[in-house]
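Just below is one structure, and these are the notes that go with it.
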Amino acid sequence: MINLVLFGPPGAGKGTQAERLTEKYNLVHLSTGDIFRSNIKGGTELGKLAQSYMDAGNLVPDEVTIKMLESEVDARPDAGGFIFDGFPRTETQAKALDSFLNSKRTEVTMMLALTVDDEELKTRLLKRAETSGRADDADPKIIENRIAVYKKETAPVAEYYRKQHKLKEVNGVGSVDEISRRLYEAVEDHG
Ligand code: AMP
């Protein structure tokens with residue numbers, strides 16, 4: 001079983017690359033952002049709770065996010081492995097994921113961290129806003145906040161996996177195919 005954490009700032013290309021990795025390695029793709037958005041669309045209690053945080057570009061509280069992620073994993077007992085996209089985003093979430101997977105006698109295989117500079121991120125997010133319909137992509141102030149939240153609360157999660165010798169940094173600038181190739185190499189390098 002391989003469990004990949006796909007990591008990187010907003011606009012790094014996690015969603016696009018997660019789809020490719022999912023197909024190549026036959027994994028189940030869990031994107032916490034996508035799950036929240038579908039709850040907002042469906043008008044669920046979870047969606048109502050998440051919306052104000054997401055619209056402002058802030059993180060949804062850990063307790064809510066962790067509970068949701070665990071129930072999504074539990075709903076797929078036959079999965080051969082998972083790709084976690086946009087989770088964990090805090091050290092508390094990373095620790096919860098470790099103990100949850102340990103309780104299922106599995107673990108995070110590696111974190112793949114896409115690196116992209118800030119200017120490129122802002123350009124990509126504003127471009128994505130033209131088609132994504134996402135309020136949090138359309139406003140430069142909210143984009144700035146998402147990047148600031150990433151640096152303050154999320155970036156330390158990479159260090160958490162580095163200490164476990166599970167961090168692989170991958171250059172996230174280039175064509176989609178080039179970046180996919182780099183990611184496949186990083187996965188296969190694991191052996
Ligand atoms: P994303 O689609 O990954 O860009 O996530 C969009 C938004 O959903 C984020 O800005 C957060 O408000 C929320 N979100 C997604 N994943 C998480 C997470 N792991 N922890 C807290 N909030 C999250």
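Rule-based calculations on the coordinates, nothing more; no lab input. Since this is a predicted model, take the numbers as computed values, not measurements. Glycine gets a Cβ as well: all are built from the backbone with ideal geometry, and neighbour counts include every protein chain shown.
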Problem set entry | Helix-only mean residue ellipticity at 222 nm for the chain, each DSSP H run of n ≥ 4 adding -39500 (n - 2.57), per residue, nearest 500 | -17500 deg cm²/dmol
Exercise. What is the extension gain from Ser99 to Val176, computed as 0.36 nm multiplied by their sequence separation minus the C-alpha to C-alpha distance, in nm to one decimal?
Worked result: 24.4 nm
For this session: Please work out the Cα center distance from the stretch 118-163 to the stretch 9-41, rounded to the nearest Å.
Result: 15 Å
Problem set entry | Ordering of 121-127, 99-105 by packing [mean C-beta count within 10 Å, highest first] | 121-127, 99-105
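Would you mind getting me the FRET efficiency between Arg76 and Thr131? Use the beta-carbon distance for r and R0 = 41 Å, nearest 0.05. Provide the component values of the computation, followed by the final result.
Working: r = 29 Å, r/R0 = 0.71.
E(calc), rounded to 0.05, equals 0.90.
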Problem set entry | Per-pair calculated FRET efficiency, R0 = 25 Å: Thr16 and Thr123 via Cβ, rounded to 0.05 | 0.95
Exercise. Whose amide H sits under 5 Å from the amide H of Val28, counting only residues 5 or more places off or on another chain, with H placed in the peptide plane?
Worked result: Gly80, Gly81, Phe82, Ile83
Problem set entry | Charge dipole of the stretch 1-90 about the Cα centre (unit charges at C-beta), most positive-ward option of Pro61, Leu4, Ser71 | Leu4
Exercise. What base-10 log of the normalised intensity I(q)/I(0) is obtained for the chain from the Debye formula, alpha carbons as equal point scatterers, at q = 0.10, 0.12 Å⁻¹?
Worked result: -0.38, -0.56
Exercise. Under unit Cβ charges (Lys, Arg +1; Asp, Glu -1), what dipole magnitude, rounded to 20 debye, does the chain have relative to its Cα centre?
Worked result: 120 debye
